[in-house]
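This report concerns only the one structure given below.
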Amino acid sequence: MDRRSKLIEILKTVTKQDTLPEPGDSLFDSGLLDSFALPDLVSALEQEFSIQIPDADLNPRKFDSIERIEEYLDSRN
């Protein structure tokens, strides 16, 4: 499974939704993510991709869309 597929599965699990917005669309504006769900997303990303996400990076803008999450993951590798 490629990284985007893994990311989509994580988002579906965290949001408890079967469908997600387009990769560039806001996950927060769509109501799928909020400040309470962000720590769950970050924890799942850390576990799946074997990374550590520092508290300083817990900015919703960095995790606002599938594309932004992928960009963030690129910056961590």
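Nothing in this text is a laboratory measurement; each read-out follows from the coordinates by a stated rule. This is a predicted model, so every value here is computed, not measured. Quick reminder, even Gly has a Cβ in these numbers, built from the backbone with ideal geometry, and neighbours come from all protein chains shown.
Please state the shape class of the chain: rounded when a/c is under 1.5, otherwise prolate if a/b exceeds b/c and oblate if not, all from the C-alpha gyration tensor. Note, shape of the chain comes out rounded.
How large is the dipole of the chain about the Cα centre if only Lys and Arg carry +1 and Asp and Glu carry -1, each at its Cβ, rounded to the nearest 20 debye? Numbers along the way, then the final one.
Values: 9 positive and 17 negative charges, 26 e Å.
The calculated dipole for the chain is roughly 120 debye.
Phi-derived couplings, Karplus 6.51 cos²θ - 1.76 cosθ + 1.60 at θ = phi - 60°, listed residue by residue for region 21-35: x, 4, x, x, 7, 5, 6, 7, 4, 6, x, 6, 10, 9, 5 Hz, with x used for Gly and Pro. Within the shell defined by Cβ-Cβ distances under 14 Å, the residues around residue 1 carry a net charge of +1, with Lys and Arg each +1 and Asp and Glu each -1.
For region 1-74, the list of chymotrypsin sites (Phe, Trp or Tyr not before Pro) that fall in a loop by DSSP and count at most 11 other C-beta atoms within 10 angstrom reads 36.
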